[in-house]
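Read the structure below first, then the notes.
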Amino acid sequence: MSKIRILRGTSATQCMIWSLYDQAAQDPIEFHHYHTGRYCPNRDDIDTFNNDFFIAIDEKDNPVGFVKISKFHVHRNISISGFYVKPDKRGGATALLLIKKVYDHFMTELATFHRIACTVYATNTRAVKLYEKFFHKEGVLKGEYCVNGKYVDSIVFGITREDDQHLRAFGLYLDALLMRINKNERTI
């Protein structure tokens with residue numbers, strides 16, 4: 001099993017993020033980028049003023065995934081507005097490590113923020129299964145996106161600080177899953 005490290009997005013990692021954006025744009029069902037209500041992978045969105053990026057890299061320093069967190073300061077909410085893992089790294093620890101980074105970031109650096117939200121195409125069953133483990137399913141937006149000429153539903157997930165017990169269980173569950181993965185046990 002290869003070792004995955006998570007780095008914070010900076011100007012030094014921006015080229016890696018761009019290369020993943022380009023790959024992700026080829027697979028709109030597996031890559032969900034939520035921006036003003038439409039699918040829109042765009043390099044111009046890679047800014048750090050209202051966004052935080054974390055990139056997963058393998059032992060050879062190749063980018064294998066990323067997560068983009070958008071911050072909405074007025075309402076004190078954050079949204080997972082971009083999430084992608086390369087096909088050969090799906091089903092292992094990469095997605096869990098990225099979700100863990102979001103959780104750690106929310107609990108420490110974004111401690112004044114109130115809510116984490118994310119949306120995902122209903123047809124992206126792997127992502128739905130991942131998010132169902134950690135977030136509350138809040139609803140379905142019927143026909144939210146047009147992908148390849150067909151309208152697909154979007155599922156909204158979220159968790160708030162009022163869900164303190166759930167948040168703590170979320171963190172403990174992630175830690176336990178990652179420990180099992182390190183012991184080469186199957187998890188998902």
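Please go through the stretch 118-135 and pick out each residue that is touching a Leu at 6+ places or on another chain (Cβ under 9 Å), more than 17 Å from K86 (Cα to Cα) and in a helix (DSSP H, G or I). Matches in the stretch 118-135: K133, F134. Here the stretch 71-86 is the region considered, the condition is being within 15 Å of I55 (Cα to Cα) and at pLDDT 85 or above, and the residue that is surrounded by the fewest Cβ atoms within 10 Å (Cβ to Cβ) is K86. For the stretch 136-174, a residue qualifies if it is among the aromatic types (F, W, Y), in contact with a helix residue (DSSP H, G or I) (Cβ under 6 Å, 6 or more places away or on another chain) and not in a strand (DSSP E or B), and exactly one does: F170.
Evaluation of K89 against the conditions (1) touching a Ser or Thr at 6+ places or on another chain (Cβ under 9 Å); (2) within 25 Å of F72 (Cα to Cα) shows that the sole unmet condition is (2). Within the stretch 14-33, identify whether any single residue is under 23 Å from G158 (Cα atoms), outside any loop (DSSP other than H, G, I, E, B), touching a strand residue (DSSP E or B) at 6+ places or on another chain (Cβ under 9 Å) and at pLDDT below 75, and answer yes or no. Among the residues of the stretch 14-33, at least one is under 23 Å from G158 (Cα atoms), outside any loop (DSSP other than H, G, I, E, B), touching a strand residue (DSSP E or B) at 6+ places or on another chain (Cβ under 9 Å) and at pLDDT below 75, which makes the answer yes. Condition check: assigned to a strand (DSSP E or B), over 15 Å from the mean Cα position of the chain (by Cα) and surrounded by fewer than 21 Cβ atoms within 10 Å (Cβ to Cβ). Does D61 satisfy that? For D61, the condition - assigned to a strand (DSSP E or B), over 15 Å from the mean Cα position of the chain (by Cα) and surrounded by fewer than 21 Cβ atoms within 10 Å (Cβ to Cβ) - is not met.
The values are calculated or read from the model by the stated rules, or taken from the named source; none is laboratory data. These numbers come from a predicted model, not from an experiment. All Cβ positions, glycine included, derive from the backbone under ideal geometry; neighbour counts span all protein chains shown.
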